[in-house]
Amino acid sequence: AQSVTQLDSQVPVFEEAPVELRCNYSSSVSVYLFWYVQYPNQGLQLLLKYLSGSTLVESINGFEAEFNKSQTSFHLRKPSVHISDTAEYFCAVTDTGRRALTFGSGTRLQVQP
Amino acid sequence: SQTIHQWPATLVQPVGSPLSLECTVEGTSNPNLYWYRQAAGRGLQLLFYSVGIGQISSEVPQNLSASRPQDRQFILSSKKLLLSDSGFYLCAWRATGNSPLHFGNGTRLTVT
C-alpha cells in the first residue's frame, strides 16, 4: 500500500525567507509524485509533478521539488516566499497500477510580513 | 481545453435529508472521475472513483453512494445525511496513466 507523510502541519515563515515543506512517501513500486496548492474555499491546483527524467522539477511561480529515491522524499522548496504563497500544500503519490492519487495530510504555509 | 464544473458551491442540509452533488467535465472523453472529501484540518480522503460509465469503485464504507450516468458526469448522493458527512467535497478527473488530477472548486457541505 502507498502512503504519504507530511510531517509539518503548519509552517510559519517571514516574507522573503526561504521555506521547505517536507514530504515522504512509501511505495513498493515506481511512483509519480505531485504537489498541489489549495487556497481557502477552493479546489486543489497542480503546482508541479515528477513523472520521470530530471529529479528536480520546477513550477512557474518559483517553487521547486526534488525527487530523492533513496530517501523516498519529494520536498518542496522556495528560496524567497511572498505573502501570496500563504495556502495549504498537499503532496500526492501514485503509480502506474493505481487509479487514484494518495494524498498527505497537508501543510499550511503561513507567510508573515 | 478541459474544464470541470462542480455544484453547488455551498450547501446546508438538515440531518436525515438526501444529498445530490453533481460534477461534469468538458473537453475530454472517457476520463477517470473521483470524489474526495476534505474534513476540517485534515487531508483528502478518496470516496469513490470511476473509470467508465456505470463503473464505480468505493474506497470507504459509508452512507454515501456515487453514480456515473454519462461519460462526463459524476454524482455523489446520500439518502440520509449524518452530521459526520459535513466537509468539503471535491470532484476531480484525470486521463490515464501518470497524468495529474484536475480538481473542481469544491462543495462545502454543512449538515445541521
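Taking segment A:1-35, which residues are hydrophobic (A, V, I, L, M, F, W, C), under 16 Å from A:Leu76 (Cα atoms) and surrounded by fewer than 15 Cβ atoms within 10 Å (Cβ to Cβ)?
First pass over segment A:1-35, keeping only residues hydrophobic (A, V, I, L, M, F, W, C): A:1, A:4, A:7, A:11, A:13-14, A:17, A:19, A:21, A:23, A:29, A:31, A:33-35.
Now drop any that are not under 16 Å from A:Leu76 (Cα atoms), which leaves A:4, A:7, A:11, A:13, A:17, A:19, A:21, A:23, A:33-35.
Within segment A:1-35, A:Leu7, A:Ala17 qualify.
Quick one: B:Val15 ticks every box in (1) assigned to a strand (DSSP E or B); (2) more than 18 Å from B:Gly106 (Cβ to Cβ) except a single one, so which number is it?
Among (1) assigned to a strand (DSSP E or B); (2) more than 18 Å from B:Gly106 (Cβ to Cβ), B:Val15 violates only (1).
So which residues in segment A:36-46 are more than 10 Å from chain B (Cβ to nearest Cβ) and either surrounded by 12 or more Cβ atoms within 10 Å (Cβ to Cβ) or among the basic types (Lys, Arg) (or both)? Explain how you work it out, then say what you get.
Start the filter on segment A:36-46 by keeping residues that are more than 10 Å from chain B (Cβ to nearest Cβ), which leaves A:37, A:39-40.
Answer for segment A:36-46, where residues must be more than 10 Å from chain B (Cβ to nearest Cβ) and either surrounded by 12 or more Cβ atoms within 10 Å (Cβ to Cβ) or among the basic types (Lys, Arg) (or both): A:Val37, A:Tyr39.
Just checking: which of the strands (runs of 3 or more DSSP E) contained wholly in segment A:49-99 hold 3 or more residues that are within 14 Å of chain B (Cβ to nearest Cβ) and out of contact with any Pro (no Cβ under 9 Å at 6 or more places or on another chain)? It would help to see each step written out before you state the result.
Numbers: elements: A:56-58, A:64-68, A:73-78, A:87-94.
Once the strands (runs of 3 or more DSSP E) in segment A:49-99 are filtered for at least 3 residues that are within 14 Å of chain B (Cβ to nearest Cβ) and out of contact with any Pro (no Cβ under 9 Å at 6 or more places or on another chain), what remains is A:87-94.
Here is a yes/no grid of residues against (1) under 22 Å from A:Arg99 (Cβ atoms); (2) among the hydrophobic types (A, V, I, L, M, F, W, C):
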| site | (1), (2) |
| --- | --- |
| B:Arg37 | yes, no |
| B:Leu46 | yes, yes |
| B:Ser65 | yes, no |
| B:Ser77 | yes, no |
| B:Lys80 | no, no |
| B:Ala92 | yes, yes |
| B:Phe103 | yes, yes |
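If I filter segment B:32-61 down to residues being more than 14 Å from the chain's Cα centre (by Cα) and more than 10 Å from chain A (Cβ to nearest Cβ), which single residue comes out as nearest to A:Phe90 (Cα to Cα)?
Taking the candidates together, the pick is B:Ala40.
Scan segment A:100-109 and tell me whether some residue there is surrounded by fewer than 15 Cβ atoms within 10 Å (Cβ to Cβ) and more than 10 Å from chain B (Cβ to nearest Cβ). Steps first, answer last, please.
If we filter segment A:100-109 for residues that are surrounded by fewer than 15 Cβ atoms within 10 Å (Cβ to Cβ), which is where we start, we get none.
No: zero hits.
Bear in mind these aren't lab numbers, they're just calculated from the coordinates by the rules spelled out. Bear in mind the structure is a predicted one, so any value in this text is a computation, not a measurement. Quick reminder, even Gly has a Cβ in these numbers, built from the backbone with ideal geometry, and neighbours come from all protein chains shown.
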